[in-house]
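Read through the structure below, which is laid out as structure tokens, and then see the notes.
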Amino acid sequence: MNRAASASNLRILPLRNQDIPELVQLAREIWYAHFPSIITVEQIEYMLNQRYRPEVIGEQLANGTAWWDKLLLDDHLIAFSACALSEHPEAMKLDKLYVRYDLRRHGYGSLLLRQVEERARRLGCSRVYLQVNRHNRSAIDAYLRNGYSVTQSARVDIGAGFVMDDYVMSKALPVA
Ligand SMILES: CC(C)(COP(=O)(O)OP(=O)(O)OC[C@H]1O[C@@H](n2cnc3c(N)ncnc32)[C@H](O)[C@@H]1OP(=O)(O)O)[C@@H](O)C(=O)NCCC(=O)NCCS
């Protein structure tokens, strides 16, 4: 890990309701910086609307179906993750991992990943898994570097004629 990701001005905290507008804005900026070379703008809009509507996130916070973590650098929101228990009782699903675009490669994504893995271990999970677009090479590299490996391909119909063309990646956790 490099110096930035071990700095003392970094904090990982649970996302709160009042953070949602800022998080939605950050997600939109990252998606528009990163995904136009991977999926169409129409699909970006569709997926942002599906996953980042304030009421969708607020409901997850309220009913505890997902853990959202925010990473603050000097009190500024610069990255976030979300994870949830899955249909596989032994597994935690990493559902979101996003770092402000100009701050990639500073170790922040890895820091959030470790937090998710620690939570999974505490809850008795033996692995963490995720889905990543097959053409999202930089994210795949980041997951590989963090000990994940590709276990299968997954083509998922997400409605409105859109499809996610993904890999499933997984990492076994040491026994707690
Ligand atoms: C994918 C993402 C979350 C990774 O977070 P990050 O903070 O940039 O990654 P880290 O700095 O922790 O990287 C850890 C290691 O992963 C690898 N890695 C990360 N980004 C990489 C890239 N663009 N190219 C090659 N390797 C990369 C490197 O080995 C890196 O270590 P190093 O910088 O010491 O060589 C972040 O880049 C991001 O938000 N990307 C856009 C959104 C996205 O695709 N999210 C994932 C959706 S499934």
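Starting at the first residue of the stretch 126-135, write each ³J(HN,Hα) from the Karplus equation 6.51 cos²θ - 1.76 cosθ + 1.60 with θ = phi - 60°, in whole Hz, x for Gly and Pro.
Ordered by residue, 3J(HN,Hα) equals 9, 7, 10, 9, 7, 10, 9, 4, 4, 9 Hz.
Can you give the calculated 222 nm mean residue ellipticity of the chain, where each DSSP H run of n ≥ 4 adds -39,500 (n - 2.57) and the sum is split over every residue, rounded to the nearest 500 deg cm²/dmol?
When only DSSP H runs of four or more count, the value is -10500 deg cm²/dmol.
Give the residue list of trypsin sites (Lys or Arg not before Pro) in the stretch 98-176 that are DSSP loop and have at most 14 other beta-carbon atoms within 10 angstrom.
On the way: sites: 100, 104, 105, 114, 119, 121, 122, 127, 134, 137, 145, 155, 171; in loops: 100, 104, 105, 134.
Sites meeting the loop and neighbour criteria: 105.
With just the Cα atoms of the stretch 112-173, tell me how far they stretch along each of the three principal axes, in Å, largest first.
39, 22, 19
What value in Å³ per residue do you get for the convex hull of the alpha-carbon atoms in the chain?
119
Let me check I've understood the local charge: for residue 173, count other residues with C-beta under 14 angstrom from its C-beta, Lys and Arg +1, Asp and Glu -1. What total comes out?
Neighbourhood net charge equals +4.
Using alpha carbons only, how many angstrom separate the centre of the stretch 87-112 from the centre of the stretch 132-150?
A separation of 11 Å, based on Cα centres.
Hey, got the dipole for the chain? About the Cα centre, +1 on K and R Cβ, -1 on D and E Cβ, debye to the nearest 20? Please list the in-between numbers first.
Numbers: 22 positive and 20 negative charges, 128 e Å.
Using only the charged Cβ atoms, the result is roughly 620 debye.
Please label the shape of the stretch 1-78 as rounded, prolate or oblate, based on the square roots a ≥ b ≥ c of the eigenvalues of the alpha-carbon gyration tensor (a/c under 1.5 means rounded; beyond that, a/b larger than b/c means prolate, else oblate).
oblate
Take the Cα gyration tensor of the stretch 59-145, multiply each eigenvalue by 5, square-root it, and list the three semi-axes largest first, rounded to whole angstrom.
21, 17, 12
Read-outs throughout are calculated quantities, based only on the coordinates presented, and are distinct from any laboratory measurement. Remember, predicted model here, so these are calculated numbers, not experimental data. A quick note on method: Cβ atoms are made from the backbone with ideal geometry, for glycine too, and the neighbour counts reach across all protein chains shown.
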